[in-house]
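Peer 1: Structure provided below as structure tokens; questions to follow.
The values are calculated or read from the model by the stated rules, or taken from the named source; none is laboratory data. Since the structure is predicted, the reported quantities are computational estimates derived from the model, not experimental observations. Neighbour counts are summed over all protein chains in view; Cβ atoms, including those assigned to glycine, are modelled from backbone coordinates with ideal geometry. Areas reflect the complete protein model, heavy atoms only, side chains present, ligands, DNA and RNA absent. Shrake-Rupley method; radii C 1.70, N 1.55, O 1.52, S 1.80 Å.
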Amino acid sequence: MKACVLRSTARIETNPLEFVEVGVPEPGKGQILVRVNFCGVCRTDLHVVEGELPPRKSPVIPGHQVVGVVAKLGEGAHRFPTGTRVGIPWLHSTDQTCEYCRKGMENICDHPTFTGYTVDGGYAQYAVAREEFVYEIPASFEDQQAAPLLCAGIIGFRCLRISGIEAGGRLAFYGFGAAAHVAIQVARHWGAEVYACTRGKKHQELALRLGAVWAGEAEEAPPAKLDAAIIFAPAGELVPPALKALKKAGVLVLGGIHMSAIPEFDYDLLYEERVIRSVANNTRRDGEDFLRTAAEIPIRSEVTLFPLSEANRALNDLKADRINGAAVLDCRAA
Ligand SMILES: [Zn+2]
Ligand SMILES: [Zn+2]
């Protein structure tokens, strides 16, 4: 099969992913082999390629928003017949025995594995997954529409839950990429008022088109005090302005897996019971609840397609803020 392989971490501008022929993986016990149709491109892939996340497998095939069909069952796998359409997410497996898993917090499991990071992912024509960690894709979504829901969508949904936002509440998104453009549709469905703090006219326009009441630059103060804010951009310098925009007891959620250093700020910004919380991964429950909600709304994702062979270009465009909505790789005709 064809795949994009990362042999050693490097800046994406050097195009480190090699588009090469590799063996089709064999599904092991409890695993399924999936023929990949589309794979969403996530900022985490950029962190894997550039080494902001310490390398855990080398070489590795990135990609963790995989939509495809079950092609082969490993020993003991029986959840899906071959031909079923499934989505493979970031969380490849958990130990299901640590204190966090036992408390329903498998997203922070002590011994997790991750698709496209600790095991090979979906920048390829085939990928293997543990059958109990994949999702069935609601029939109403086309493959390429569904791909960005599998990480950007689910993580955005968990951020929204943790923000505690309710109908009539005011919520800001800092950074308006793949996750925010899906999350705004959920927030609006819940009856929240959304403010978009993001650089670039194109992202601001997309936010307004999707129903934001206001869009401006990230450092600009939104015109109303907020109940909650979510920072999707990997930029620690956004924490002080986001805190400043919150009401008393407001909640600031940090949605990224990696963020640059947070600058020093006055305690006044946090005082009056404001809260900062990070979000790490998601539980399978988050994923299932989100996909059901997404089908009900229904969510529409803005997708920019790239051929699998041009994964480097997709990641370069993501880094340079040139993607409106979500980038998705077409892995069918590689
Ligand atoms: Zn665990
Ligand atoms: Zn992701």
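Peer 1: Could you please give the count of residues in region 156-177 that are hydroxyl-bearing (Ser, Thr, Tyr) and in contact with a Ser or Thr (Cβ under 9 Å, 6 or more places away or on another chain)?
Peer 2: As a first pass, look at region 156-177 and keep what is hydroxyl-bearing (Ser, Thr, Tyr): 163, 174.
Next cut, in contact with a Ser or Thr (Cβ under 9 Å, 6 or more places away or on another chain) only: 174.
So the answer is 1.
Peer 1: If Val239 meets every condition in (1) open to solvent by less than 10 Å² (accessible area, probe 1.4 Å); (2) assigned to a strand (DSSP E or B); (3) over 22 Å from Gln185 (Cα atoms) apart from one, which number is that one?
Peer 2: (2)
Peer 1: Does Leu149 qualify as being under 17 Å from the mean Cα position of the chain (by Cα) and more than 16 Å from ligand 1 (Cβ to nearest atom)? Talk me through it step by step, then tell me what you get.
Peer 2: Details: under 17 Å from the mean Cα position of the chain (by Cα): yes; more than 16 Å from ligand 1 (Cβ to nearest atom): yes.
Spelling it out, Leu149 is indeed under 17 Å from the mean Cα position of the chain (by Cα) and more than 16 Å from ligand 1 (Cβ to nearest atom).
Residue-by-condition table, conditions (1) within 21 Å of Ile323 (Cβ to Cβ); (2) without any contact (Cβ under 8 Å) to a residue 40 or more places away in the chain; (3) open to solvent by 10 Å² or more (accessible area, probe 1.4 Å):
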position: Met1; (1), (2), (3): no, no, yes
position: Asn15; (1), (2), (3): yes, no, yes
position: Glu21; (1), (2), (3): no, yes, yes
position: Pro27; (1), (2), (3): no, no, yes
position: Gly30; (1), (2), (3): no, no, yes
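Peer 1: Does Val70 fit the bill of being within 21 Å of Leu149 (Cα to Cα) and open to solvent by less than 20 Å² (accessible area, probe 1.4 Å)?
Peer 2: On the way: within 21 Å of Leu149 (Cα to Cα): yes; open to solvent by less than 20 Å² (accessible area, probe 1.4 Å): yes.
Yes.
Peer 1: For Arg209, state whether it is under 21 Å from the mean Cα position of the chain (by Cα), open to solvent by 30 Å² or more (accessible area, probe 1.4 Å) and not aliphatic (A, V, I, L, M).
Peer 2: When the stated conditions are applied, Arg209 does not pass them.
Peer 1: Among the residues of region 38-50, is there at least one that is of a type outside the set (Phe, Trp, Tyr), open to solvent by 60 Å² or more (accessible area, probe 1.4 Å) and in contact with a Ser or Thr (Cβ under 9 Å, 6 or more places away or on another chain)? Break it down into steps so the answer makes sense when it comes.
Peer 2: Start the filter on region 38-50 by keeping residues that are of a type outside the set (Phe, Trp, Tyr), which leaves 39-50.
From the residues that got through so far, the ones that are open to solvent by 60 Å² or more (accessible area, probe 1.4 Å) too are 43.
When the remaining residues are screened for being in contact with a Ser or Thr (Cβ under 9 Å, 6 or more places away or on another chain), the result is none.
The answer is no; no qualifying residue exists.
Peer 1: Right, something else. Consider region 144-182. How many of its residues are surrounded by fewer than 24 Cβ atoms within 10 Å (Cβ to Cβ), touching a Gly at 6+ places or on another chain (Cβ under 8 Å) and of a type in the set (A, V, I, L, M, F, W, C)?
Peer 2: 1
Peer 1: Shifting gears a bit: So, in region 95-120, of the ones that are within 10 Å of ligand 1 (Cβ to nearest atom) and in contact with a Lys or Arg (Cβ under 9 Å, 6 or more places away or on another chain), which residue ends up farthest from Gln65 (Cα to Cα)? Steps first, please.
Peer 2: Within region 95-120, the first condition is being within 10 Å of ligand 1 (Cβ to nearest atom), and the residues that meet it are 95-103, 105-112.
Going one step further and asking which of them are in contact with a Lys or Arg (Cβ under 9 Å, 6 or more places away or on another chain), we end up with 96, 106-107.
Details: Gln96: 22, Glu106: 19, Asn107: 17 Å.
Here the residue is Gln96.
Peer 1: When residues of region 94-111 are filtered for being assigned to a loop (DSSP other than H, G, I, E, B) and open to solvent by 30 Å² or more (accessible area, probe 1.4 Å), how many remain?
Peer 2: At the first step, the residues of region 94-111 found to be assigned to a loop (DSSP other than H, G, I, E, B) are 94-98, 103-105, 109-111.
Filter again for open to solvent by 30 Å² or more (accessible area, probe 1.4 Å), leaving 95-97, 103-105, 110-111.
The number of residues fulfilling the criteria is 8.
Peer 1: Follow-up. Of the conditions (1) within 16 Å of Ala183 (Cβ to Cβ); (2) open to solvent by 40 Å² or more (accessible area, probe 1.4 Å), Val279 fails just one. Which one is it?
Peer 2: (2)
Peer 1: If you go through region 254-281, how many residues are part of a strand (DSSP E or B) and either under 19 Å from Glu219 (Cβ atoms) or within 16 Å of ligand 1 (Cβ to nearest atom) (or both)? Step through it out loud before you land on a result.
Peer 2: Kept after step one, since they are part of a strand (DSSP E or B), are these residues of region 254-281: 254, 275-278.
Adding the requirement that they be either under 19 Å from Glu219 (Cβ atoms) or within 16 Å of ligand 1 (Cβ to nearest atom) (or both) leaves 254, 276.
Residues flagged as part of a strand (DSSP E or B) and either under 19 Å from Glu219 (Cβ atoms) or within 16 Å of ligand 1 (Cβ to nearest atom) (or both) within region 254-281 amount to 2.
Peer 1: Name every residue in region 73-93 that is over 18 Å from the mean Cα position of the chain (by Cα), part of a loop (DSSP other than H, G, I, E, B) and of a type outside the set (D, E, K, R), in order of residue number. Please lay out each step first, then the result.
Peer 2: Restricting attention to region 73-93, the residues satisfying the condition of being over 18 Å from the mean Cα position of the chain (by Cα) are 73-85.
After this cut, where a residue has to be part of a loop (DSSP other than H, G, I, E, B) as well, the list is 74-84.
Gly74, Gly76, Ala77, His78, Phe80, Pro81, Thr82, Gly83, Thr84, listed by residue number.
Peer 1: Starting from region 310-330, keep only residues that are over 16 Å from Ala10 (Cα atoms) and touching a residue at least 24 places away in the same chain (Cβ under 8 Å), then list their pairs with residues that are basic (Lys, Arg) and open to solvent by 40 Å² or more (accessible area, probe 1.4 Å) whose Cβ atoms are within a distance under 6 Å, requiring at least 6 positions of separation or different chains.
Peer 2: Matching pairs, first to second residue: Asn324/Lys202.
Peer 1: Could you tell me which of the residues Ala152, Ala129, Ala172 is within 29 Å of Ala192 (Cα to Cα) and within 16 Å of ligand 2 (Cβ to nearest atom)?
Peer 2: Ala152
Peer 1: Can you tell me which of Glu75, Glu50, Glu99, Glu106 is acidic (Asp, Glu) and under 23 Å from Glu21 (Cα atoms)? Break it down stepwise before answering.
Peer 2: Values: Glu75 fails: under 23 Å from Glu21 (Cα atoms); Glu99 fails: under 23 Å from Glu21 (Cα atoms); Glu106 fails: under 23 Å from Glu21 (Cα atoms).
Every option except Glu50 fails the conditions.
Peer 1: It is to be established whether one or more residues within region 248-268 are touching a residue at least 12 places away in the same chain (Cβ under 8 Å), under 15 Å from Leu171 (Cβ atoms), in contact with a strand residue (DSSP E or B) (Cβ under 7 Å, 6 or more places away or on another chain) and open to solvent by 80 Å² or more (accessible area, probe 1.4 Å). Steps first, answer last, please.
Peer 2: So in region 248-268, the residues touching a residue at least 12 places away in the same chain (Cβ under 8 Å) come out as 248-263, 265.
Filter again for under 15 Å from Leu171 (Cβ atoms), leaving 249-255.
Subsequent filtering for residues that are in contact with a strand residue (DSSP E or B) (Cβ under 7 Å, 6 or more places away or on another chain) retains 250-255.
In the following step, the residues that additionally are open to solvent by 80 Å² or more (accessible area, probe 1.4 Å) were identified as none.
No, there is no match, as no residue in region 248-268 is touching a residue at least 12 places away in the same chain (Cβ under 8 Å), under 15 Å from Leu171 (Cβ atoms), in contact with a strand residue (DSSP E or B) (Cβ under 7 Å, 6 or more places away or on another chain) and open to solvent by 80 Å² or more (accessible area, probe 1.4 Å).
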